[in-house]
């Protein structure tokens, strides 16, 4: 699972001595220490290394998610294609995929859902710039892996619920299931847990269905 990340402290490089007769340059300032869990800010997050991991901060806690597996990528690609074709043919909005930052209400640091959909009526309000989506998408999809399954089911589940994301899909390649949660009031209700041979509908996208077998491919 995606545990709260531990970032190694970076030590400043030792400067070579100045040649004789020349004044020594001022020492480089030591990098600021990483904050304690629960105190991470947007500025701290910006200092993190670009090392292939996905770093996310929820409620001041840093989480590190490993890069997706090839199988996860294939599952994501199949679902993105099906969603994008349906949405584009009807001018319903836009489908985006990771790495795409989403700044949820009350969360200063953007998260990166695996897949998201924004309706045409809300595109101008949420996509105010090229950097991040500012607000809650209409639909979010997370694809589980052995390292992040609890994070997506617990921390992100609650973050999307509190942000008011109307529909949340949890795609589990290991179990070959797709769970669809719909927001009713302030709580998520499980619309259905779909297995092999079943079609998955969407309340946010009426008329859209995709079969579980299409998403996961041959076992």
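Summary table
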item: Contact order normalised by residue count of the chain, Cα under 8 Å, 6+ apart, percent; result: 15
item: Estimated FRET transfer efficiency (residue 53, residue 91; beta-carbon r; R0 35 Å; 0.05); result: 0.45
item: Taking segment 160-206 and dividing mean pair separation by its residue count, relative contact order in percent (alpha carbons under 8 Å, at least six apart); result: 32
item: Computed [θ] at 222 nm, deg cm²/dmol, the chain (DSSP H ≥ 4; -39,500 (n - 2.57); rounded to nearest 500); result: -6000 deg cm²/dmol
item: Which labelled figure in (1) 11.6; (2) 15.3; (3) 16.7 is mean projected area of the Cα convex hull in nm², once derived from the coordinates; result: (2)
item: Gaussian network model of the chain, springs between alpha carbon atoms under 10 Å - residue of 153, 122, 90 with greatest fluctuation; result: 90
item: C-alpha long axis of helix 70-90 to longest principal axis of the chain, angle in °; result: 60
item: Cβ crowding within 10 Å averaged over residues, with 38-51, 194-207 ranked highest first; result: 194-207, 38-51
item: Fraction of beta bridges assigned by DSSP in segment 103-202 that are antiparallel (%, nearest 5); result: 75
item: Rounded to 5, percent antiparallel among DSSP beta bridges of the chain; result: 80
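None of the figures in this text is laboratory data; all of them are computed from the coordinates on show. Here the structure is a predicted model, which means the values were calculated and not measured. Reconstructed Cβ throughout: ideal geometry from the backbone, glycine too, with neighbour counts over all protein chains shown.
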